[in-house]
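The block underneath contains the structure these notes are about, expressed in structure tokens.
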Ligand code: GTP
Ligand code: MG
């Protein structure tokens with residue numbers, strides 16, 4: 001498909017890591033409508049990251065099914081599926097490349113103007129423009145160091161830059177201040193493409209804009 005509508009459905013999904021001795025997800029069922037925002041909260045280790053990892057099929061459920069637009073995810077070609085998903089992972093990985101290259105990583109055809117737009121959405125443009133070489137500043141292992149919150153915002157800009165029909169943010173604003181987070185939330189509400197959002201967060205303030213909040217405990221909703 002060119003674009004998903006963005007409906008996500010978990011049907012009685014259970015999951016256990018191959019090397020684990022107990023399931024980490026039990027009987028998870030929920031539906032997110034196209035364009036909705038769903039927030040996932042819950043204490044550390046309750047299974048939030050494990051749950052979202054099933055959407056791009058980094059792992060397969062041990063039981064049950066994950067569907068997008070009513071089609072089981074395993075029926076899509078992996079590349080078609082993943083092309084539609086923008087993911088900012090909990091452990092941010094920046095490549096040894098310029099800031100522009102890091103943001104445009106998933107779609108090298110986008111131009112600097114667009115890269116700047118996505119940096120603005122993710123409240124990163126101010127600090128980037130203050131860097132010695134702006135968008136040409138090399139970051140990552142061989143480049144200048146960035147703070148945790150700065151890395152998160154670049155990772156968010158990268159996830160947005162593929163104009164995904166499903167955006168997954170795993171704790172992506174945990175290291176930015178409340179004011180910056182508010183700006184980001186406002187921007188996420190007004191993206192110029194349709195997008196279902198799955199947002200894992202610790203702070204209640206991050207989840208206030210959600211249509212639905214899932215609270216997890218010990219692998220259950
Ligand atoms: P935080 O990110 O700390 O808030 O936790 P989370 O809610 O994202 O939990 P996560 O899904 O990462 O972990 C759920 C459970 O699965 C925990 O008991 C982890 O120890 C376990 N777990 C996570 N990753 C792996 C893995 O790669 N292998 C195994 N065997 N267990 C894992
Ligand atoms: Mg996690």
Cα-based helix-to-principal-axis angle, 148-161 vs the chain, degrees rounded to 10: 80
For the range 116-187 versus the range 17-31, the gap between their alpha-carbon centres in whole angstrom: 31
Compute the projected area of the convex hull of the Cα atoms of the range 35-179, averaged over all viewing directions, and report it in nm² to one decimal place. 9.9
quick shape note, the range 42-113: Cα extents on principal axes in Å, largest first -> 43, 31, 18
When DSSP beta bridges are limited to those with both residues in the chain, what percentage is antiparallel, rounded to the nearest 5? 45
Helix 178-189 vs. the chain, principal-axis angle (Cα, 0 to 90°, nearest 10): 70
Angle check, please: helix 112-121 long axis (alpha carbons) against the longest principal axis of the chain (alpha carbons), in degrees 0 to 90, nearest 10. 60
For the pair residue 178 and residue 114, what calculated FRET efficiency results from E = 1/(1 + (r/R0)^6), where r is the Cβ-Cβ distance and R0 = 30 Å, to the nearest 0.05? 0.60
Relative contact order, percent, of the chain when contacts are C-alpha pairs under 8 Å separated by at least 6 residues? 30
Which of the peptides 95-102, 118-125 is most tightly packed, and how do the rest follow, judged by the mean count of other Cβ atoms within 10 Å per residue? 118-125, 95-102
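Computed from the coordinates by the stated procedures, all read-outs in this text should not be read as laboratory data. Note that the structure is a prediction, hence the values are computed from the model and not measured. Positions of Cβ are backbone-derived with ideal geometry, glycine not excepted, and every protein chain shown enters the neighbour counts.
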